[in-house]
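**Q** One structure coming up, written as structure tokens, with questions to follow.
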């Protein structure tokens, strides 16, 4: 690969941009929860471009149910956040320096709620109510592929002038299944339209490069060619940055490891697979043999507890992507089966893909 730039999709970086652009001004979410449990807090989470949520903070709920959270920095781009109470979440948008109000109940926090404060908040509330209604009447599996629901949501996405509602929708899952699937040509035209919208209106938004790359990879896989919605092309895929949590709850970035390593091995696997042990043995041989190399291993294990036990024993950077959140990360790296291995040189370029684990050592020697 000749790409010299590293595409960075970092939630932390996005927050840093917000702080630099907005001074001390920020946004606020406040409201009331009926009949709250004593001592229970609300989690405030942000939404990463790869479909993963990251925790920002927590907020106390008073005895009468009142709460208020104020972000220190404003948002230069529209974004989606969520409040989570006892495992149930309410999603709300923020555009610039807004104040959003959430009123709900402890019993039905994620279904019986009201969002107010902006037209954007009302739209996102209507979208989630539409999805919840479909799930209630048809079940999660049927709702995820319901043609009527998909048509209604697609119309909302195409008419969205701000961008964040359409972004939210093309990444939305029901029961772990994406509503709009990268493997479906019709769905990909919608995703391409959203990518094009971001490229035209929000070229510096951290999500824009991700959307264009996602569309480009899926279009090639589907053989859509130039018949698909026109999107400004970007160079052939180099290193798409990944930022996930390790077993100790620390955020780990692929780009950080690549910068300090002479060569980096990017590994996709699942510890629950029978092939995991012999595969990791090959990685460990290389890790002990070659000085200055780094290994960034992403495990796609559904059981977090089992993953954490294994990850704690790995001598390299071991993180987890929850497979119930979809397969976006695998599609971006065009991975159809696990394990999969990529060699990244000191410039941040992917220089080789290794199909046979027994050839990992030879691949490293070619580029060390």
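**Q** Taking residue 136 as the residue in question, decide whether it is in contact (Cβ under 8 Å) with a residue 12 or more places away in the chain and over 18 Å from residue 203 (Cα atoms).
**A** Answer is no for this residue.
**Q** Having 1 or more residues that are under 24 Å from residue 240 (Cα atoms), touching a residue at least 12 places away in the same chain (Cβ under 8 Å) and within 20 Å of the chain's Cα centre (by Cα) is the bar; report the helices (runs of 4 or more DSSP H) wholly within segment 250-339 that clear it.
**A** Correct list: 254-260, 304-311, 328-332.
**Q** Among the residues of segment 179-192, are any touching a residue at least 60 places away in the same chain (Cβ under 8 Å), touching a helix residue (DSSP H, G or I) at 6+ places or on another chain (Cβ under 7 Å) and either in the same structural domain as residue 327 (by TED's automatic domain parsing) or buried (at least 18 other Cβ atoms within 10 Å of the Cβ) (or both)?
**A** Yes, some residue in segment 179-192 is touching a residue at least 60 places away in the same chain (Cβ under 8 Å), touching a helix residue (DSSP H, G or I) at 6+ places or on another chain (Cβ under 7 Å) and either in the same structural domain as residue 327 (by TED's automatic domain parsing) or buried (at least 18 other Cβ atoms within 10 Å of the Cβ) (or both).
**Q** Further question: Against the condition more than 30 Å from residue 182 (Cα to Cα) and either outside the structural domain of residue 222 (by TED's automatic domain parsing) or surrounded by fewer than 18 Cβ atoms within 10 Å (Cβ to Cβ) (or both), how does residue 312 come out, does it pass?
**A** When the stated conditions are applied, residue 312 passes them.
**Q** Would you pick out the residues in segment 350-364 that are more than 22 Å from the chain's Cα centre (by Cα) and touching a residue at least 24 places away in the same chain (Cβ under 8 Å)?
**A** Passing the criteria: 351, 357, 358, 360, 361, 364.
**Q** Turning to a different aspect of this structure: If you check 126, 119, 66, which single one turns out to be at pLDDT 95 or above and over 19 Å from the mean Cα position of the chain (by Cα)?
**A** After ruling out the rest, the residue left standing is 66.
**Q** Do you know which of the residues in segment 180-197 that are within 17 Å of the chain's Cα centre (by Cα) and in a helix (DSSP H, G or I) is nearest to residue 147 (Cα to Cα)?
**A** Only one residue fits best here, namely 191.
**Q** Taking segment 91-109, which residues are in contact with a helix residue (DSSP H, G or I) (Cβ under 8 Å, 6 or more places away or on another chain) and either free of Cβ contacts under 8 Å to residues at least 40 places away in the same chain or within 16 Å of residue 45 (Cβ to Cβ) (or both)?
**A** 91, 92, 93, 100
The values are calculated or read from the model by the stated rules, or taken from the named source; none is laboratory data. Remember, predicted model here, so these are calculated numbers, not experimental data. Note that each Cβ is placed from the backbone with ideal geometry, even for glycine, and that neighbours are counted across all protein chains shown.
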